[in-house]
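Notes follow the structure.
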Amino acid sequence: MKLSIFLPRAQPEDAGRISFKDSNLKPTIKRSLWAYLELALISTGMIWTGLSLFFGSMYRRSVHANNLDLYVVDLDGGYVGSNVTRM
């Protein structure tokens, strides 16, 4: 005895529909999957590159920041510039 729950039958309204398993769609599906995979790999590489640069620049930041000389030049003599140069 077969259970009809697990075996879907084609209905009359399904006559013009195309299945995902249709052989005419295989090249399109293959191209789409490769494009998605390529996009995922490129995105992953860009994220890894960006995070590596960010965390590499943050490594031992306090040791490297002591070597910097900072000069503040107040070119316009405005309120903000005069307060910053007074610090």
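Results, tabulated for the structure shown:
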{"read-out": "Matching residues in the stretch 65-79 - criterion: being part of a loop (DSSP other than H, G, I, E, B) and open to solvent by 100 Å² or more (accessible area, probe 1.4 Å)", "value": "Asn66, Asn67, Leu68, Asp69, Leu70, Tyr71, Val73, Leu75, Asp76"}
{"read-out": "Pairs with Cβ under 6 Å, 6+ apart, first in the stretch 59-73 and under 20 Å from Thr85 (Cα atoms), second assigned to a helix (DSSP H, G or I)", "value": "Val72/Val84; Val72/Thr85"}
{"read-out": "Pair list, Cβ < 9 Å and 6+ apart or interchain, from the stretch 43-55 residues that are without any contact (Cβ under 8 Å) to a residue 40 or more places away in the chain to residues that are assigned to a helix (DSSP H, G or I) and open to solvent by 100 Å² or more (accessible area, probe 1.4 Å)", "value": "none"}
{"read-out": "Among residues of the stretch 37-62, those that are charged (D, E, K, R) and surrounded by 10 or more Cβ atoms within 10 Å (Cβ to Cβ), counted", "value": "1"}
{"read-out": "Counted residues, the stretch 37-64 - those being at negative phi and not in a helix (DSSP H, G or I)", "value": "1"}
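The values are calculated or read from the model by the stated rules, or taken from the named source; none is laboratory data. This one's a predicted model, so the numbers in the text were calculated from it and none came from an experiment. Reconstructed Cβ throughout: ideal geometry from the backbone, glycine too, with neighbour counts over all protein chains shown. Ligands, DNA and RNA are excluded from the accessible area calculation, which covers all protein heavy atoms including side chains. Shrake-Rupley method; radii C 1.70, N 1.55, O 1.52, S 1.80 Å.
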